[in-house]
Each structure stands twice: as structure tokens, then as C-alpha cells.
Amino acid sequence: MEQSYIIAGTPEVRIAVRVRGLSHEPLYFDEDTSTIRVTKEFIVIRLRIRVDLDIDLHVTNMRTHIGGIYRVAWINTRPVQGLYAVGLELLDAEGEIWESDLIPEGLNTGEAAPSALLECQRCYQRVSMSVPEALTESLGEGFTIARHCETCKATTGWVYTPEKPPAPGSGDATKPATDHRQKGRAPIRLAVKIIRTKHGMNLFDISETMNVSRTGIYFTTEQGYEVGENVEVVLPYHPDSMAIPVPARVVRREERAGTCQKGIALQLSFGSAQPL
């Protein structure tokens, strides 16, 4: 069972800290900053350097000169005034890092834990969930958190997804909309090679499927596909095997919040049509 940490309602605590680790690039960094919230096993800070989800950082309290290893539990990849908000879970302390009188005994306000609609970056299911370890002001576009996914049976990244109002005539607004594209899909990860033709030249894109249906696949990429574009697909792909490419067409393109990745749905040309 995942540990739950409560930041909502805790008082603001500013303590000078030194943070060291690998950045998003990845390059080693050593930055002086300060905490925003502090509990015994979870802190929130802001960094000038962007870091990745689920990596380890070393944090030192510059008052006590005692530190520990923290895991990046959540981050907002959209900086505010040049700073990234980061939530850190304590993994290994080298002693009593924080003075006991600075750790709040409980919530000082009636502030409720914030909640948001989040989407798993691996299987793309969407779930509205409580996020008590996050700052309310950070829970927006660019927010990403590591949480266990029941579908993937693993800890995955979950990104903030704006809730959209139901379209006119869509029925009872209190009932969640059913995504019929999910029917027939299976969260299968297979290597895939896509062959594109641009300006008379072949372009190759090697990726991994996120889910597969009888007549289509869905994968992520940094390449700029266009809806309606005709491509060829080798699935499953192995560099040492010979396979005949299958014609396909791009039927959907989705921007992935907080990343440079795009979600691409391809409809394969054989078999009966089934929308992805």
C-alpha cells in the first residue's frame, strides 16, 4: 500500500537547503534553495533546475547540516518565475534533518486535500483522485506525479488533465463519459517501426506501443505526425528480422501534457475498421 503524505493545510516553512543530483538534461547540479512546506517524511521546494519524476536527490538542511536522500514524488514542469515546484519523499535520512519544533503536529486549517483528474502516462486511463501531498497552486498544467496504476500493475507517471465540460446533448452531465475507443484495446508494449515518406525521402521512427487493438495501435513519439498521413508499420519490430510493412493511416494525434511527446493513433489498413 502506498504511503500517503499530507501537505494541504500545513503551514509554510522556509528553511535554507542544498539540493544535489541529476537534472532533466541530465547534468549534475548543486543548488541552494529553500523549503516551502516541511513534514517529517515529505517536503516541497522550488528549483531553478528541472528534474525528472522518480529520481533521487540529496537534500541538506543548512541549519543542522544534516541531510538525506529524497525521491521526486511530483513536479510541475511549468516554471513559475523561473522556478519548478517539486514534492520530495524521504527515503534515507542521515540523522534528524529537521528541528522538531518546525514539524507541524497536524493541519492548522480546514483546507481540504486538493484533487484533480489525472492520466496515466503508460496506459492513458483517467482517474479523478485526491493529491494531499501537492500544493493546490501547483496542481495544474505541467503537474506530474508518481502513483501506482492498477491497470499497469506498476508505479507510473500521472499527468494533470483539465476536466472538460460535456458536449451539448451528451446526456447526464453527472455521469462520466464512456470512451468507446477503449473497447478492444489491450495495454501491450511492443517495439514498432513506422516508415514515413516526406519530400520523396523515407523517415523512420522506432517506438513502443502503449496499447493495441485488432486494427490499430497507439504509441508516443516526438515526431510531428499529421492526421490523415499515410505511413507503413512494422509490428512487432526487431532490427535483426525481416518483416513486411503494413499500410496505416494517422487517425488521431494528442499532445502529452508536460512533455515533448505526442500520442499517435494509427489505423491499420487490413481487417474491419475499429476506431482507436
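Please determine whether any residue of region 13-25 is of a type outside the set (A, V, I, L, M, F, W, C) and farther than 28 Å from residue 260 by Cα. Yes, there is a match, as at least one residue in region 13-25 is of a type outside the set (A, V, I, L, M, F, W, C) and farther than 28 Å from residue 260 by Cα. For residue 223, the requirement of being among the polar types (S, T, N, Q) and touching a Gly at 6+ places or on another chain (Cβ under 7 Å) is not met. Can you confirm whether residue 30 is within 19 Å of residue 91 (Cα to Cα) and not assigned by TED's automatic domain parsing to the domain that holds residue 259? It is false that residue 30 is within 19 Å of residue 91 (Cα to Cα) and not assigned by TED's automatic domain parsing to the domain that holds residue 259. When region 32-57 is filtered for residues that are assigned to a strand (DSSP E or B) and over 14 Å from residue 85 (Cα atoms), the ones remaining, listed by number, are 32, 56, 57.
The set of residues in region 44-54 that are at pLDDT 95 or above and not β-branched (Val, Ile, Thr) comprises 46, 47, 48.
Being assigned by TED's automatic domain parsing to the domain that holds residue 158 and either of a type in the set (Asp, Glu) or within 22 Å of the chain's Cα centre (by Cα) (or both) is true of residue 42.
The residues on offer are 57, 117, and the sole one that is surrounded by 19 or more Cβ atoms within 10 Å (Cβ to Cβ), farther than 21 Å from residue 11 by Cα and at pLDDT 85 or above is 57. Within region 58-80, restricting attention to residues that are assigned to a loop (DSSP other than H, G, I, E, B) and among the polar types (S, T, N, Q), the residue that is nearest to residue 116 (Cα to Cα) is 77. Selection of first residues in region 56-82 that are under 17 Å from residue 42 (Cβ atoms) and in the same structural domain as residue 24 (by TED's automatic domain parsing) and of second residues that are assigned to a loop (DSSP other than H, G, I, E, B) and of a type in the set (Ser, Thr, Tyr), restricted to Cβ pairs under 9 Å at least 6 apart or on distinct chains, gives the following pairs, ordered by first then second residue: 73/5. Restricting attention to region 205-217 and to residues that are within 11 Å of residue 268 (Cα to Cα) and not aliphatic (A, V, I, L, M), the residue that is surrounded by the fewest Cβ atoms within 10 Å (Cβ to Cβ) turns out to be 214. Scanning region 58-80 for residues that are among the hydrophobic types (A, V, I, L, M, F, W, C) and either over 20 Å from residue 131 (Cβ atoms) or in contact with a Pro (Cβ under 8 Å, 6 or more places away or on another chain) (or both) yields 59, 62, 66, 69.
The values are calculated or read from the model by the stated rules, or taken from the named source; none is laboratory data. This one's a predicted model, so the numbers in the text were calculated from it and none came from an experiment. Every residue, glycine as well, gets a Cβ built from its backbone with ideal geometry; the counts of neighbours run over all protein chains shown.
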